[in-house]
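Report on the structure given below.
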């Protein structure tokens with residue numbers, strides 16, 4: 001946060017709307033704490049997955065299932081969406097409503113594209129016999145990746161309603177913290193995906 | 001409201017405990033056997049921990065923390081209300097199980113495989129899973145709320161090392177909750193998936209591993225012990241300092257000890273699993289880590305004693321509970337170190353020794369702490385002091401009853417009485433111990449009647465207590481009782497630990513204000529939290545009853561209320577200076 005305060009000293013950005021009220025500051029700090037809890041939640045799911053990933057009980061193994069190009073494409077899409085949400089926040093700091101809404105709109109579209117790929121991937125796996133109830137590996141895989149996916153879905157819905165709200169009300173002391181918090185959430189989802197990419201997919205392809 | 005509903009569930013859990021003791025009064029009793037006994041046992045544990053201890057703690061925190069740091073309110077009043085209704089929804093859902101389909105019966109730890117469909121086919125465990133999930137959400141919200149309140153909303157001059165100990169306890173407890181609830185959430189989700197949707201996390205036949213549940217549960221469960229006991233430490237520190245008329249001995253070491261206990265609380269969960277077979281190396285590491293906790297705890301106990309040493313002690317009811325707490329809790333701590341030795345633990349495991357140990361810690365810590373806090377802050381909450389004579393009856397009967405019940409259980413355990421069983425055979429020398437234990441439990445029940453009578457009498461005839469009935473030291477005693485809805489007409493300026501005492505010692509009437517009187521912004525009340533909690537309740541009940549459409553409907557209701565909340569432009573309202581002055585005058589007159 002201290003970086004932001006220093007940034008706000010720069011002459012072209014006199015103040016940050018999102019931290020101009022106590023409510024806004026509280027909301028952002030509270031959200032950081034919430035992300036701390038989410039980190040533990042995902043850590044537990046990762047732990048469970050690592051404990052169970054070899055329990056395939058005769059079903060398809062991770063080497064047989066995963067294909068790098070598709071996962072790499074999904075990763076690229078999601079990482080780009082993090083960048084676009086940053087551009088949205090920059091737009092907010094310039095008090096430029098149009099730019100903010102545009103970049104958050106792009107973020108939502110990229111999020112939807114990622115979800116589409118993930119759904120396609122899951123359908124493929126199910127065809128190959130890798131289902132939620134087939135083995136402990138299946139259960140833990142779908143729970144971990146699916147929890148991330150449902151976070152993406154939630155984020156997409158959330159940001160969409162925020163865009164509508166921002167379009168109606170503009171950048172105010174009330175809406176600015178909401179956008180800021182949503183972008184924090186979106187970055188968090190991205191970071192989690194980087195771990196999923198490493199732990200689930202890369203590790204799953206080499207072992 | 002938190003406190004009262006927590007108290008209600010305390011009575012429910014207490015009645016369950018009495019029924020358990022009635023069954024064990026004589027060998028081969030037929031009062032409550034088999035499944036019914038398992039349900040009672042499970043619900044007693046679950047209710048006491050989740051529905052009594054935690055909400056009572058949260059209730060005290062809600063009242064006291066904003067006052068102690070000189071804030072107008074908590075950071076998120078909306079989330080606070082939502083948290084309360086969610087807790088109530090979760091608690092009711094759990095207790096619905098008595099009426100519809102049978103209560104959970106796999107123990108409060110609900111270990112698989114016992115908790116999977118094969119051994120628990122009824123809906124009992126589903127109630128457990130979903131009720132706790134909903135109540136758990138409320139704990140997470142409360143934790144975030146208190147953390148933000150304490151970090152962002154302290155009065156001018158209130159540095160971290162000037163905060164009262166109860167606020168420090170809240171801070172550490174909330175941090176523990178923040179990181180301890182998610183493992184429980186994950187464990188409950190996985191258990192729900194296993195039971196409802198046929199996954200194989202814990203089911204060995206499908207490649208799962210039941211030990212995962214034990215890890216997740218105890219990564220939550222051990223910090224939980226400190227979550228319920230640290231606030232009691234905070235209460236004790238306030239009460240002992242106030243009634244010894246001395247500044248708390250070793251203030252900064254108390255804070256340090258508390259933070260250290262919080263940290264170590266996360267490092268020791270494996271000591272619940274010594275006998276699972278994780279190997280001697282991990283057992284040794286976690287045994288040593290566990291014993292380390294005795295060090296900061298010892299620091300705290302000695303600091304309390306040194307605070308009393310040479311102090312001008314007044315034995316009021318809160319002080320009695322605080323003083324009674326010290327030896328009781330120390331006994332619990334000592335048996336805790338005994339249990340932390342793995343080879344000894346192999347002997348004690350699942351005997352009444354363990355039961356005695358954790359009741360000494362939880363009742364000796366949390367319950368004594370909550371009673372002390374209740375008598376101490378009652379005047380601040382309701383403007384009237386509880387009756388001292390009845391309070392003393394309550395204390396002595398409770399203390400004697402408690403030791404009668406649980407001291408003897410140490411020996412019962414060493415003599416080989418296993419926990420969680422509903423009967424025992426005559427001729428093994430277990431009879432008199434069990435009878436004594438049951439008699440003690442009845443005595444504790446009677447002492448609670450004195451408390452209830454006390455509350456009723458005070459509500460009827462109690463005299464107004466005034467703003468500072470105990471000659472207090474911290475900020476909450478600087479404003480009128482009960483506190484006005486905006487708490488402080490002017491935010492106070494804090495110059496030292498024990499800000500009010502500092503002002504009194506400098507011959508001032510009250511704490512200096514840090515701002516001129518101005519209009520105060522208040523949030524408007526909202527009905528959305530109740531609606532959202534009802535949504536969660538419907539969803540939970542739907543999943544329990546395997547009625548997925550109903551569950552989905554409940555979730556949709558949750559999302560709609562979230563959407564409404566987001567668009568709800570809430571400007572709140574303002575209390576103007578004239579109105580504040582009128583209120584303040586009325587309170588002084």
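Computed from the coordinates by the stated procedures, all read-outs in this text should not be read as laboratory data. Note that the structure is a prediction, hence the values are computed from the model and not measured. Positions of Cβ are generated from backbone atoms using ideal geometry, with glycine treated the same way; all protein chains shown enter the neighbour counts.
Values computed for the structure shown
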quantity	calculated
Principal-axis tilt of helix A:68-93 within chain A, Cα atoms, nearest 10 degrees	10 degrees
Region B:306-335 versus region B:95-150: alpha-carbon centroid distance in Å	35 Å
Simple spin-label estimate for residue A:99 and residue B:305 in nanometres, 7 Å along Cα-Cβ	6.7 nm
Averaged over B:202-209, number of beta-carbon atoms from partner chains that fall within 10 Å	6
Radius of gyration and Dmax over the Cα atoms of the protein assembly as shown, both given in Å	27.5, 88
Rounded Å value of the spacing that divides the Cα centres of region A:37-64 and region B:56-81	40 Å
Pairwise label distance in nanometres, residue B:349 with residue B:4, each label 7 Å out on the Cα-Cβ vector	4.6 nm
Virtual spin-label span in nm between residue B:281 and residue A:153, 7 Å along Cα→Cβ	4.2 nm
Nearest-0.05 FRET efficiency for residue B:556 and residue B:388, computed from C-beta distance (R0 45 Å)	0.25
Rg over Rh [alpha-carbon atoms, Kirkwood Rh] for region B:69-196	1.11
Full-stretch length increase - residue B:506, residue B:569 - with 0.36 nm per residue and alpha-carbon distance subtracted	18.1 nm
Residues B:508, B:246, sorted so that the one with the fewest Cβ neighbours within 10 Å comes first	B:508, B:246
FRET E, pair residue B:534, residue B:428, Förster distance 45 Å, beta-carbon r, rounded to 0.05	0.30
Residues of region B:351-388 with amide N under 13 Å of the 7 Å Cα→Cβ point at residue B:111	B:351
Per-pair calculated FRET efficiency, R0 = 51 Å: residue B:522 and residue A:39 via Cβ, rounded to 0.05	0.90
Whole-number D in µm² s⁻¹ for region A:141-207, Kirkwood Cα-pair radius fed into Stokes-Einstein, 37 °C, 0.692 mPa s	244 µm²/s
For a label point 7 Å along the Cα-to-beta-carbon line of residue A:195, residues of region B:157-180 with backbone N under 17 Å	B:178-180
Mean shadow area of chain B over all directions, Cα convex hull, nm²	26.9 nm²
Cα-Cα P(r), region B:1-112, percent of pairs per 5 Å interval	2, 11, 18, 20, 15, 12, 8, 6, 4, 2, 1, 0
Packing-based exposure ordering (other Cβ within 10 Å, fewest first) of A:92, B:562	B:562, A:92
Nearest 10 degrees, 0 to 90: helix B:124-152 Cα axis against chain B principal axis	30 degrees
Angle between chain B longest axis and helix B:431-461 axis [Cα atoms, degrees, rounded to 10]	30 degrees
